[in-house]
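Quick notes on the structure that follows.
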Amino acid sequence: MLDERVRVVLERLEGEDASERERGLPPEQRSRQVEPTTGRFLFSLVAPQTDCEVLELGGSRGYSSIWLAAGVRHLGGRVLSLEHDPAKIEAWRRNVEEAGLTEWAELVEGDAFEQLARIDDVFDVVFLDAEKDDYEELFWLAREKVEPGALIVADNVLSHPDPLAQYSAARQADPSLLSVTVPLDRGLELTVVLR
Ligand SMILES: C[S@@+](CC[C@H](N)C(=O)[O-])C[C@H]1O[C@@H](n2cnc3c(N)ncnc32)[C@H](O)[C@@H]1O
């Protein structure tokens, strides 16, 4: 079972997300967070890796960041999350702090396109969960931050076939990558960089 502080924050965020959807709030006012099963999946991808460095594009209020940070806490590592919306940034900081994960998760404030150019680190796992029309460009920027063996995970590839079917097809056709669509929740494209 997850530690109590983490569990309490995740459950609260799940409740808030459900309530915002029920009230029909527009997407920009909602967290647009991943499903709990996707959170567990992300946790499972990073927890077995030693010193796992994770880059997250689209941190929102911290729901997926908390799953990832709870995962890397096991064998060491860090989550660097990028977010540009001031209200989401404030909530992200509060939620990660409340979950007791500030040692394992860090937020970079600002536009991913600008901020990525300033980041020199090399990552083992990238979680791509920003605006769908930006995935292609963000993939190529993220690819500059990884080495062979790294994993790039993109959410929503089945819930948003337009434009993301093309994203998956391009990854699967690229001989320098090994890519598979995992039909979990909104659909995840898992892409391993081979060379
Ligand atoms: C789908 S939500 C992310 C949900 C989050 N991964 C979770 O599961 O909790 C997308 C987020 O990406 C942010 N975003 C979109 N484009 C961005 C950009 N270019 N730079 C930084 N953040 C961006 C949005 O403000 C939004 O909060």
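The values are calculated or read from the model by the stated rules, or taken from the named source; none is laboratory data. In this text the structure is predicted, and so the values were computed from the model without any measurement. We place every Cβ from the backbone using ideal geometry, glycine too, and count neighbours over all the protein chains shown.
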* Residue selected from region 146-181 under the condition in a strand (DSSP E or B), among the hydrophobic types (A, V, I, L, M, F, W, C) and over 15 Å from the mean Cα position of the chain (by Cα), by the criterion nearest to Phe123 (Cα to Cα) -> Val146
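Mind counting the residues in region 37-60 that are within 10 Å of the ligand (Cβ to nearest atom) and under 16 Å from Glu83 (Cβ atoms)? Full working, then the answer.
If we filter region 37-60 for residues that are within 10 Å of the ligand (Cβ to nearest atom), which is where we start, we get 38-39, 42, 56-60.
Now narrow it down to the ones that are under 16 Å from Glu83 (Cβ atoms): 56-60.
Residues that pass the stated criteria total 5.
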* To do: Residues being surrounded by fewer than 11 Cβ atoms within 10 Å (Cβ to Cβ) and either modelled with pLDDT under 95 or not in a helix (DSSP H, G or I) (or both): count how many of those fall in region 30-48.
  => 1
* Asked: Any residue at all in region 83-102 that is touching a strand residue (DSSP E or B) at 6+ places or on another chain (Cβ under 8 Å), assigned to a loop (DSSP other than H, G, I, E, B) and either more than 12 Å from the ligand (Cβ to nearest atom) or of a type in the set (Asp, Glu) (or both)?
  -> no
* Asked: Does Asp3 count as in contact with a Ser or Thr (Cβ under 6 Å, 6 or more places away or on another chain) and among the acidic types (Asp, Glu)?
  -> no
* To do: State which residue pairs qualify: first residue farther than 14 Å from Val192 by Cα and inside region 151-169, second residue more than 16 Å from the ligand (Cβ to nearest atom) and small (Gly, Ala, Ser) in any location, beta carbons under 6 Å apart, and separation of 6 or more residues or different chains.
  => Val157/Ser168
* Asked: Can you spot a residue in region 3-19 that is part of a loop (DSSP other than H, G, I, E, B) and crowded, with 16+ Cβ neighbours inside 10 Å?
  -> no
* **When residues of region 15-36 are limited to those that are within 11 Å of the ligand (Cβ to nearest atom) and either among the basic types (Lys, Arg) or within 16 Å of the chain's Cα centre (by Cα) (or both), the one farthest from His84 (Cα to Cα)** => Pro36
